[in-house]
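Trainee: Provided herewith is a single structure, encoded as structure tokens, for subsequent inquiry.
No lab work stands behind these numbers, since they all come straight from the coordinates. All values reported here derive from a predicted model rather than from experimental measurement. Every residue, glycine among them, receives a Cβ derived from its backbone with ideal geometry; neighbour counts consider all protein chains shown.
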Amino acid sequence: MIPRIQGCSELKNNCSLKVKDVLKEFNADGRLAKYRHGECIDEEGFRLFLKTYLEEEDFPAELCQRLFRSFQTSESDENSGLWEVFLKDVSCYFSLLEDGQPRDKLEFAFRLYDRDGNGVLDSSEVDRIIAQMMHAADYLGWDVSELRPVLKDMMTAIDADSSGTVSLPEWVEGGMNNVPLLVLLGLKVTQKDGQHLWRMKHFNKPVYCNVCQNMLLGLRKQGLCCICCRYTVHGRCANKNPAPCTRTYVMSKKETGIAVHDWVSGNCDSGKCDRCQKKIKSLHGLTGKRCVWCHTLRHDECANQEPFICDCGTFRDHILSPWAIYPVIKVTLSLEDLPSLCDDNELNTTPDGQVLRINPIPDTHPLLVFVNPKSGGKQGERVLRKFQYLLNPRQVYNLSNGGPGPGLCFFRDLPDYRILVCGGDGTVGWILDAIDKCNLPVRPPVAVLPLGTGNDLARCLRWGGGYDGMELGRILKDIETSSVVHMDRWSIQVTLEDSQERGDPVPYEIINNYFSIGVDASIAHRFHTMREKHPQKFNSRMKNKLWYFEFATSETISASCKKLKECLSIECCGTQLDLSNLSLEGIAVLNIPSMHGGSNLWGEGKKTDRANQDMPEVIVDPEILKVSPQDMSDKRVEVVGLEGAIEMGQIYTGMKSAVRLAKTSQITIRTKKPLPMQIDGEPWMQPPCTIHITHKNQASMLMGPQAKSGFFNLK
């Protein structure tokens, strides 16, 4: 079997090339053509294939050699008499693992082995494709003994005429009708009623198949489990017409409000029956039933007795139950009535084209969940799956599949709902912008599950500095007891002094967290530039912090933003700030009390009676600034000065605060030379310009409850 490449998933996710791009380099006119000998490549060619595809300069030589040996076959050795491997075997293996649609992968693998291009493969060539599929499954941790008979059955079905050859249409049709193979190839499916969302899973206790009722055997990933309803099957049984997945909506408005359990049989061993309160014991087969919506467990005989009404259990306040969703005939609205982001999407329609609508359940606050699966490494994907099980899949949206528009459109007419954003600060800003553009009749409050790196906004709202894997049920309970607060949002307008001069694009037009110029933006810009060039070196939070420390250290030595006061001027509501007596290397405009992953630049304000008085448009008096607290809802930004990289480290550890310069309702900054800048952690290099920052609006946010014992690590 092919050895598992430690960190290969991260490298593969970060690289920009596809296998087909690397193959071109081995063509006659490619730069790696000399390493190709007919259908084979030598060990040096294999090393260059990995280096090019994974964009990794320092790939371990020993691991490269082991991988090379794993691809060797007696046929390749006989053909060349040298230590070589078939290029198509290597290409097929890696193409199966990369992102893409299964149909495209099946076609690519077929054409790869179709030497003469006649659209037909013989059985030996198909066997070689299947061998690479087995290797890919082994890499992904599957129990391949389960996959082998599935693929064998597929081949029997494909070659129905026993001709010994397979055409491209036959190959694609056979693959697209094979559920385990589609899961292996990474099929991205849209949730439809009755359609399971399968995932290959490892079970650490006895589990039984819902189709054949036999135990799932094996030491690795033994079977397929539906993400939404936990229906579990052998890989071979997934093709045998299993029972449909749970319904996510009712068929007509007349059926709304009729709340009934939706039972899934089996695998309730050691659970407690909700009706008779007795333990559910295993009888070496499917035992007990579990309701998909309230997660109640019952004995088989107890499930047929009252109470029949499902109350959605512990998470009733959050769940958008299926008996609250019904289809209506689609009515085309004018563009004025329906904002562009809120068009009806296939995610919110039935197979026959009807549009799904919501009939609100009284005394509930349905939770609209947006998940950025790219945030936090694999955390985003895991969080997405867990919420699809805990809630109705129709209220959980993958942001990589159509963005936030479909979810906001679906919920737009609900009078009382909440939003949970699972991602970093950039993801939160994306959702807040979408809420603005959708022109919703009710602006829902937004909670944050922090999956990013800095997570400054999540810290300020008491949702923590990073998700540590705690139970999502506890987070849902915290959302129930959260309180609504308002957060200012600011418009930023950048006008070049010389309209002909070209600089980096300004990343955002709105400031949610902070804006800065100088030393901290310089560090962030160098970090960002290096990460763009070498993403594989930034594939963990620890590596990111080490690189950030490296750039901060070099910035301390170079002091690239020294004498910043000579390069810019600051005007707050018509009042010019006097920077002549200050030695600053950076300026920051703050909306929230957290920056750079937990630094409070403004510091704690002393409580005085003045805090309750009407606030002027601008404050520059140092004595008044000393006692002015920071408030994200006061329609004011705080302006501070940064003395250097070393001082930033002292601020992060709480040893000191930045220099308080002003508190203002609008600010104008004029720069005289190119300077590094950043908005909410996104840096760029800006030519001389004039910057205007003015109040835009306020967003409704959810403040987490006071933690009795911290679930998150705030620093």
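Trainee: Please list, or write none, the aspartates and glutamates whose alpha carbon is within less than 16 Å of the alpha carbon of K386, excluding same-chain residues fewer than 8 places away.
Mentor: Counting by Cα, and skipping residues close in sequence, K386 has these aspartates and glutamates nearby: D468, E471.
Trainee: Ignoring solvent entirely, what values of log10 I(q)/I(0) come out of the Debye formula for region 8-184 at 0.11 Å⁻¹ when each Cα is a single scatterer?
Mentor: Once normalised to I(0) and log-transformed, intensities are -0.48.
Trainee: How many Å³ per residue does the convex hull of the Cα positions in region 322-452 occupy? Before the final figure, lay out the partial values.
Mentor: Working: hull volume 13.9 nm³, N = 131.
Per-residue hull volume (Cα only) is 106 Å³.
Trainee: What does the extension gain come out to for N401 and Q195, with contour length at 0.36 nm per residue minus their alpha carbon separation?
Mentor: Once the chain is fully extended between N401 and Q195, it gains 72.4 nm.
Trainee: Please give the residues of region 143-163, grouped as numeric ranges, whose backbone N is less than 20 Å from a label point set 7 Å along the Cα-to-Cβ vector of H202.
Mentor: The answer is 143-148, whose backbone nitrogens lie closer than 20 Å to the label point.
Trainee: Then there's this: What is the packing order of peptides 414-421, 178-185, 306-313, taking the mean over residues of other C-beta atoms within 10 Å and listing the highest first?
Mentor: Result, highest mean Cβ count within 10 Å first: 178-185, 414-421, 306-313.
Trainee: Assuming R0 = 30 Å, can you tell me the calculated FRET efficiency for the pair K374 and K330, based on Cβ-Cβ distance, to the nearest 0.05?
Mentor: 0.40
Trainee: Give, as ranges by residue number, the residues of region 397-416 whose backbone N falls under 20 Å from the point 7 Å along Cα→Cβ of R103.
Mentor: Those under the cut-off are 401-402.
Trainee: How much length would be gained if the chain were fully extended between M615 and N241, taking 0.36 nm per residue of separation minus their Cα-Cα distance, in nm to one decimal? Walk me through the numbers on the way to the answer.
Mentor: On the way: separation 374, 0.36 × 374 = 134.64 nm, distance 6.83 nm.
Working it through step by step, the gained length comes to 127.8 nm.
Trainee: Sorting check: for 659-670, 161-172, 207-218, which peptide has the highest mean count of neighbouring beta carbons within 10 Å, and how do the rest follow?
Mentor: 659-670, 207-218, 161-172
Trainee: Separate question: Can you pull the percent of Cα pairs in region 125-194 with separation above 18 Å?
Mentor: Result for the distance tail: 40 percent.
Trainee: Suppose R0 equals 25 Å; then what is the FRET efficiency for S270 and E471 from their Cβ-Cβ distance, rounded to the nearest 0.05?
Mentor: 0.85
Trainee: Continuing with the same structure: In nanometres, what is the gap between the two model label sites at I258 and K18, each 7 Å from Cα along Cα-to-Cβ?
Mentor: Placing both labels 7 Å beyond Cα along the Cβ direction yields 4.8 nm.
Trainee: Label points 7 Å out from Cα along the Cβ direction at Q698 and D578: separation in nm?
Mentor: 3.5
Trainee: Order the peptides 27-33, 243-249, 495-501, 99-105 from the highest to the lowest mean number of other Cβ atoms within 10 Å of their residues.
Mentor: Listed from highest to lowest mean packing, they are 243-249, 99-105, 27-33, 495-501.
Trainee: If R₀ is 60 angstrom, what is the calculated FRET efficiency for the pair S491 and S162, using the beta carbon separation as r and rounding to 0.05?
Mentor: Approximately 0.30, to the nearest 0.05.
Trainee: So which of K374/K635; K330/K378; K281/K378; K374/K565; K105/K152; K105/K378 end up more than 28 Å apart by C-alpha?
Mentor: K374/K635; K330/K378; K281/K378; K374/K565
Trainee: Something else now. How long is the gain from K281 to K563 if the chain were fully straight, where each residue apart is worth 0.36 nm and the alpha carbon distance is subtracted?
Mentor: 94.0 nm
Trainee: A further question on this structure: Between R220 and D413, what is the label-point separation in nm under the 7 Å Cα-to-beta-carbon projection?
Mentor: 5.0
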